[in-house]
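Beneath this line is the structure, given in structure tokens, with notes to follow.
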Amino acid sequence: MQLTWVLRLTLVFTLLVILMGAYTRLSDAGLGCPDWPGCYGHIKVPTQDHEIAHAQTIFPDHDIHPEKAWLEMIHRYIAGGLGLLVLLILVLCLKTPEAPKKLPLIIVLLILFQGALGMWTVTMKLMPIIVMSHLIGGFSLISLLLLLYLRTRPRRIFNSESHARNLAPLALVSLFVLVGQIMLGAWTSSNYAALACTALPICEGNWMDNLAIAEAFSPFQGQHHSFEFGVLDYPARMTIHIAHRIGAIVTASLLLVLAYRLFVGAAGMRAISLLLAGLVILQVSLGISNVVMHLPLGIAVSHNGGAALLLLTLVAINYFLWRKA
């Protein structure tokens, strides 16, 4: 089986897992199954009367919502399939003499850790720091898979052009800024702060006098029966939301500058610079739509997908600029 095709399939599969995870989370189905890896003590969602009765006996404090439970289990099934694909990639890399060896091993270790984070997300009742780590793990996984794919493909390296080489530091800074913004987005989502501000461009009211930075960004928020729907007060959620908005302005501006510099200074990278600019405009539009339309599910999930595509684009740009010919 050709390694290149398996990597392509795995990249698509990973994006699907990210989108399904976002859909599950935004549908408030993260605790659709209160146990792990099964669902109410079953390997599938209980639907028969005796299964439901058994589930209610084991979890008397939980109301069974089959539609939410199925969302959670489908997400787990797809993630399990992704794990098998990653193991297959490791085997193929070990059997292919010219293929990288360390990177696929790191990817396998990462997906094992992702599985643990998925378990802790449920057992710790959607604790924000765990949920955010799980989200970042998914983005890290797809980035490393793209890097592995690029390393197995013979491609022209554009850093032979002096102008392109000069843009490598800017591209690296842009990548780090984007990663920071994605982390802010994950923190916003995991603390249910996406609708803390519903006015543009920053927030409504006298928001500057109500910031609660220490509370907003504390990784540990005390003991709670469940973190579902958030436990922070409004000022803390508002602070998180505002930080994400300001981060979006900074990130979009920097990425558009990078796209412009690539377009005018590196002829071989004009196509990817246009892709970068288009994705930035799309992502900003999706973010504004989330605010104006009060977080519609389809647009909110697309916003997660847009972040993943932006990250992949920046990873590819940095690979082309930094890798030696």
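For region 303-320, the count of residues that are open to solvent by less than 60 Å² (accessible area, probe 1.4 Å), modelled with pLDDT of 95 or more, of a type outside the set (A, V, I, L, M) and over 24 Å from Leu145 (Cα atoms) is zero. Counting residues in region 122-133 that are in contact (Cβ under 8 Å) with a residue 40 or more places away in the chain, basic (Lys, Arg) and not in a loop (DSSP other than H, G, I, E, B) gives zero.
Of the residues contained in region 120-132, one or more are found to be within 24 Å of Leu82 (Cα to Cα) and exposed (fewer than 14 other Cβ atoms within 10 Å of the Cβ).
Taking the conditions (1) open to solvent by 20 Å² or more (accessible area, probe 1.4 Å); (2) free of Cβ contacts under 8 Å to residues at least 60 places away in the same chain; (3) not in a loop (DSSP other than H, G, I, E, B) in turn, Pro154 satisfies each one other than (3). Among the candidates Leu94, Leu90, Leu112, the residue that is over 20 Å from the mean Cα position of the chain (by Cα), exposed (fewer than 15 other Cβ atoms within 10 Å of the Cβ) and aliphatic (A, V, I, L, M) is uniquely Leu94. Under the condition of being open to solvent by 60 Å² or more (accessible area, probe 1.4 Å) and among the acidic types (Asp, Glu), which residue from region 28-69 is modelled with the highest pLDDT? By that ranking, first place goes to Glu67. Here Ile246 meets each of (1) under 17 Å from Ser190 (Cα atoms); (2) in contact (Cβ under 8 Å) with a residue 12 or more places away in the chain; (3) open to solvent by 40 Å² or more (accessible area, probe 1.4 Å) with one exception, condition (1). A Cβ distance below 6 Å, combined with a sequence gap of six or more or placement on separate chains, defines the contacts here; from region 219-236, residues that are within 20 Å of Thr24 (Cα to Cα) reach residues that are charged (D, E, K, R) and surrounded by 10 or more Cβ atoms within 10 Å (Cβ to Cβ) in the pairs Ser226/Lys125; Phe227/Lys125. One residue stands out in region 1-27 among those that are without any contact (Cβ under 8 Å) to a residue 60 or more places away in the chain and part of a helix (DSSP H, G or I): the one that is surrounded by the most Cβ atoms within 10 Å (Cβ to Cβ), namely Thr24. Of these, Ile299, Ile272, Ile281, which one is open to solvent by 60 Å² or more (accessible area, probe 1.4 Å), of a type outside the set (Asp, Glu) and without any contact (Cβ under 8 Å) to a residue 60 or more places away in the chain? When all the criteria are applied, what remains is Ile281. Here region 284-296 is the region considered, the condition is being in contact with a helix residue (DSSP H, G or I) (Cβ under 7 Å, 6 or more places away or on another chain) and in contact (Cβ under 8 Å) with a residue 24 or more places away in the chain, and the residue that is nearest to Tyr149 (Cα to Cα) is Val284. Within region 31-48, the residues that satisfy the criterion of being among the small types (Gly, Ala, Ser) and touching a helix residue (DSSP H, G or I) at 6+ places or on another chain (Cβ under 6 Å) are Gly32, Gly41.
The values are calculated or read from the model by the stated rules, or taken from the named source; none is laboratory data. If you're wondering where the values come from, they're calculated on a predicted model, not measured in any experiment. Backbone-built Cβ (ideal geometry, glycine too); neighbour counts: all protein chains shown. Accessible surface is based on the protein model in full, side chains and every heavy atom, while ligands, DNA and RNA are left aside. Shrake-Rupley method; radii C 1.70, N 1.55, O 1.52, S 1.80 Å.
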